[in-house]
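Take a look at the structure set out below.
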Amino acid sequence: MSLKRITASAVCVMAFWGVFGVKSSFTAGSAQMLTAYADEYDFDYVDEYDYEEEPDIDGSEIDDIELDEIDSDADISVNENRGTKRKHNVISSFVVSLLIGLISALIAVSIMKSSMKSVRKKAGAADYRKENSFKLTKNTDTFMYKRVEKIAIPKNNQPNK
Amino acid sequence: MSEIIEYKCPACGGKLEFDSGVQKMKCPFCESEFDVESLKDHDEALGTQKEDEMNWETSAGSEWKDGETEGMHIYTCKSCGGEIITDSTTAASKCPYCDNPVVMSGSFSGDLKPDYVIPFKFDKKAAKAALNKHLEGRKLLPKVFKDQNHIDEIKGVYVPVWLFDADVQADMLYKGEKIRHWSDGSFNYTERSYYSVQREGNVRFELVPVDGSTKMQDELMESIEPFDFKDAVDFQTAYLSGYLADKYDVSADESIERANDRIKNTTEQVFASTVNGYTSFNKETGNISLSNGKAKYALYPVWILNTSWEGNKYTFAMNGQTGKFVGDLPVDKSAAAKWFFGIAACVTAVCFGLSFLIF
């Protein structure tokens with residue numbers, strides 16, 4: 001694949017994701033105006049649903065909901081913060097992606113450059129050692145001394161509540 | 001009167017004393033304890049260490065017989081001073097080392113006659129094919145290197161080499177360390193045990209080549225090794241036909257140091273490979289000596305091509321016997337920059353896209 005094609009493909013993909021990212025941010029922002037958030041409600045734990053009995057949806061469940069608990073002027077600033085936080089992530093994602101891209105490119109080009117070198121001095125003469133000519137006349141391992149270090153394991157002294 | 005021997009502590013170098021309580025030699029400084037016999041052996045091993053002895057007999061080559069050099073010509077390069085020998089049927093026009101014109105300066109005479117020659121096994125066609133293969137797929141290579149006209153100038157040269165044989169005796173002393181870890185509820189323990197490791201033995205080396213020409217880079221010649229001596233024959237001038245031969249200008253005595261370095265390095269590696277079972281070890285002392293060291297003079301076949309680019313000279317070489325091809329290639333900086341930014345853009349795009357899927 002030629003270099004021009006690779007670059008063109010990369011630019012297209014980046015443009016696509018860039019547009020997608022902006023669209024997603026916009027969609028998230030508009031969606032929050034239409035979505036009700038349940039943060040202001042306290043729900044009681046309900047037992048496992050009994051499928052044998054037909055549920056009475058006209059009955060008590062609706063009665064249990066006290067209308068004055070629904071605060072129409074609920075504070076949605078937390079939700080706005082969520083939208084702001086999402087925009088910030090796009091920028092940091094791009095920066096991180098760029099860093100990864102630069103490091104990957106550096107590694108790839110370094111590998112290409114190193115493959116251009118093939119002239120190396122030989123350190124030894126292993127190719128010219130006569131086969132089966134190596135003989136050990138003395139082979140001794142003698143114990144000299146030993147040392148033992150001990151380090152105390154720190155203990156957690158906090159008392160249990 | 002008996003001789004008083006003082007022992008030094010192998011751990012800290014302090015003076016050891018005999019501890020009657022444990023019946024061992026003990027260091028008052030680091031409190032390490034040593035068995036008397038082990039200490040004596042270790043001290044003896046340290047005491048018998050000598051300097052390396054690498055002696056060679058360097059009378060190699062022979063005298064030319066009457067009529068053998070008839071028809072052989074010498075060509076001299078005015079640029080680098082190289083002297084090339086050919087037979088009467090071969091003409092040289094360019095120096096294989098610097099690519100400048102050469103002039104015939106006379107008939108060949110004098111000098112040593114080589115003992116052996118390894119004839120060329122790969123012809124010029126094979127050499128050019130190997131060069132093209134070496135250049136293939138190199139994305140950072142400048143286009144001028146693939147110019148076919150220049151590749152045609154590849155030359156077959158017999159390079160003079162000195163071949164060294166020797167029996168090597170080595171006496172090495174290492175300090176080995178074994179580490180053991182364990183723990184009880186209260187403490188982490190680390191036990192370090194130290195051993196005196198002695199290795200003595202022999203090994204033989206044959207036909208270690210050292211390049212005998214200053215014009216041929218040693219690194220280049222060593223990069224195309226090994227040469228297989230099984231194909232070597234007694235030298236005859238007929239083998240020069242169609243090829244060039246370089247005259248030696250580095251004597252056997254001058255080549256000895258390189259042979260010593262290579263033999264010594266391999267000997268140390270071979271002996272170190274016998275030290276097993278330790279967490280780590282290091283060499284304390286070592287002595288390497290040579291015996292029956294002999295040198296021979298031979299011609300080895302090499303295909304050579306020189307190319308210049310941006311004021312730098314690049315030399316390629318192929319082993320004329322095995323076909324191994326080497327040569328450092330220049331890097332086209334603009335191509336490198338294009339690949340760098342292309343790859344960076346691609347990877348950035350992929351990672352950026354993935355970040356939307358993940359988060």
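Read-outs throughout are calculated quantities, based only on the coordinates presented, and are distinct from any laboratory measurement. Owing to the predicted nature of the structure, the values given are computational and were not obtained by experimental measurement.
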Leaving out same-chain residues fewer than 8 places away, which lysines sit with a Cα under 17 Å from that of B:Lys264?
A:Lys121, A:Lys122, A:Lys130, A:Lys135, B:Lys50, B:Lys283, B:Lys294
Gaussian network model of chain B, Cα within-10 Å springs - most flexible of B:Glu310, B:Glu225, B:Glu53:
B:Glu310
Where a ≥ b ≥ c are root eigenvalues of the Cα gyration tensor, a/c under 1.5 meaning rounded, otherwise prolate if a/b exceeds b/c and oblate otherwise, segment B:106-255 counts as oblate
What ³J(HN,Hα) values, in whole Hz, does the Karplus curve 6.51 cos²θ - 1.76 cosθ + 1.60 give for segment B:235-245 when θ = phi - 60°, with x put for Gly and Pro?
5, 9, 5, 4, 5, 6, 4, x, 10, 9, 10
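Count of lysine pairs in segment B:109-198 with Cα atoms under 13 Å apart, counting only pairs 8 or more residues apart in sequence or on different chains? Each step should come with its number before you reach the end.
Numbers: B:Lys124/B:Lys155; B:Lys125/B:Lys133; B:Lys125/B:Lys155; B:Lys128/B:Lys146; B:Lys128/B:Lys155; B:Lys133/B:Lys146.
Lysine pairs, 8 or more places apart or on different chains, close enough: 6.
Let me know the Kirkwood hydrodynamic radius for segment B:235-345, please, with Cα pairs as the basis and the value in Å to one decimal.
It is 19.9 Å.
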What angle do you read, to the nearest 10 degrees and between 0 and 90, between the alpha-carbon axis of helix B:124-135 and the longest principal axis of chain B?
60 degrees
Selected from B:Ala127, B:Ala11, B:Ala60 as most flexible by GNM, with chain B as the system and alpha-carbon contacts under 10 Å
B:Ala11
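Could you give the Stokes-Einstein D for segment B:1-48 in µm² per second, using the C-alpha Kirkwood radius, 37 °C, 0.692 mPa s?
On the way: Rh = 11.1 Å.
Estimated diffusion coefficient is 295 µm²/s.
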Acute angle (nearest 10 degrees) that the helix B:333-358 long axis makes with the longest principal axis of chain B, alpha-carbon atoms
50 degrees
Plugging the Kirkwood radius over Cα pairs into Stokes-Einstein for segment B:291-358, at a temperature of 4 °C and a viscosity of 1.567 mPa s, what D comes out in µm²/s?
76 µm²/s
Kindly give the semi-axes, whole Å and largest first, of the ellipsoid equivalent to segment B:50-328, taking each as the square root of 5 times a Cα gyration tensor eigenvalue.
45, 26, 14
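Compute the convex hull volume of the Cα atoms of segment B:188-298, divide it by the residue count, and report the result per residue in Å³ as a whole number. Let's see the in-between values first.
On the way: hull volume 19.1 nm³, N = 111.
Value for segment B:188-298: 172 Å³ per residue.
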